Amino acid sequence: MTERQKQILAAIIEQHAEIAAPVGSVMLAKLFGVSSATIRSEMARLEEMGLIEQPHTSAGRVPTDAGYRFYVNALNEAHENEAPAQLSDRSARAIEARVNTHSDRADRAIRSAVDSLVDLTQNLGIATIGDELYMSGIGNLFSQPEFLQGDHVQAVARLLDNLEPWLREAAPNEPLNVYIGAENPIGKASGATLIISRFRSPYSDNSYIGVLGPTRQSYAKVMRLVRHAGAMLEEIL
């Protein structure tokens with residue numbers, strides 16, 4: 001894949017996250033300063049690679065699960081190559097401020113971190129606290145346009161019903177795990193993404209915090225915040 005194709009794929013993913021609609025060549029042509037014909041040609045190649053698709057008769061394109069996976073892998077690779085740094089943006093500080101007020105109570109600290117992620121990402125937030133799964137923001141999840149259709153709602157509900165036993169069984173072993181769409185072992189047709197961080201807590205060496213939302217995510221932001229929340233809880237607790 002050429003560098004421009006990578007940039008166009010990233011732009012489609014990021015624009016789609018913002019507008020919740022297919023992304024057309026005119027919008028991208030303005031962004032890249034090239035003709036619409038050039039963008040359409042590059043989009044055709046991305047479509048051949050299975051990274052984007054044309055929904056119904058729309059003139060625009062949306063990312064596929066494979067396109068999201070390529071993008072997320074690139075974000076993870078960029079993170080691994082970065083020098084370690086403290087997040088200094090307002091979102092990270094907001095999580096820290098809420099969690100630090102409960103640093104003497106592990107359960108309250110974890111709940112505060114989840115509630116902060118819910119507010120900042122507009123997703124469903126989850127965390128394991130001992131043997132229970134804490135969830136917050138379910139209204140956020142089902143207010144997303146993707147989940148207004150019955151089939152998606154049922155698939156997401158199945159995923160939520162089985163999430164706690166699945167986490168125990170799978171025990172994701174990376175500091176940050178991203179399960180996109182059909183990669184989820186439950187609710188494969190849900191069109192949902194689970195972004196989850198493992199951390200050590202007084203309850204377990206495999207405690208988890210993360211968010212569940214549509215595959216249409218602002219991945220760079222959400223992955224960064226979930227990773228930060230996990231690392232911060234481990235440090236405080």
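Assorted remarks:
- HN-Hα J in Hz across segment 6-16 - Karplus 6.51, -1.76, 1.60, θ = phi - 60°, x for Gly and Pro: 4, 5, 5, 4, 4, 5, 4, 4, 6, 5, 4
- Rounded FRET efficiency, nearest 0.05, which uses the C-beta distance separating Leu148 from Ser41 and R0 of 45 Å: 0.85
- Projected label points at Ala97 and Glu183, each 7 Å from Cα along the beta carbon direction, are separated by 3.3 nanometres.
- Look at the alpha carbon pairs under 8 Å that are at least 6 residues apart: their mean separation over the length of segment 3-63 gives a relative contact order of 40 percent.
- Computed extension length for Asp104-Gln7: 30.4 nm, one decimal, from 0.36 nm per residue of separation with the Cα-Cα distance subtracted.
- Residue with peak Gaussian network fluctuation, the chain [Cα springs, cutoff 10 Å], from Gln122, Gln15, Gln154: Gln154
- Straight-line reach from Lys221: taking Cα to Cα under 18 Å and skipping same-chain neighbours fewer than 8 places apart, the aspartates and glutamates in range are Glu14, Glu18, Glu77, Glu80, Glu82, Asp89, Glu96, Asp115, Asp119.
- Between the helical axis of 65-81 and the longest alpha-carbon principal axis of the chain there is an angle of about 60 degrees.
- Among Ser91, Ser207, Ser58: highest mean-square fluctuation, GNM of the chain, C-alpha pairs under 10 Å: Ser58
- Dividing the helix sum by the residues of the chain, where each DSSP H run of 4 or more adds -39500 (n - 2.57), gives a mean residue ellipticity at 222 nm of -16500 deg cm²/dmol.
- Normalised by the number of residues in the chain, the mean separation of alpha-carbon contacts (under 8 Å, six or more apart) gives a relative contact order of 17 percent.
Every number in this text was worked out from the coordinates using simple rules, so none of it is lab data. These numbers come from a predicted model, not from an experiment. Cβ: placed from backbone, ideal geometry, glycine included. Neighbour counts: every protein chain shown.
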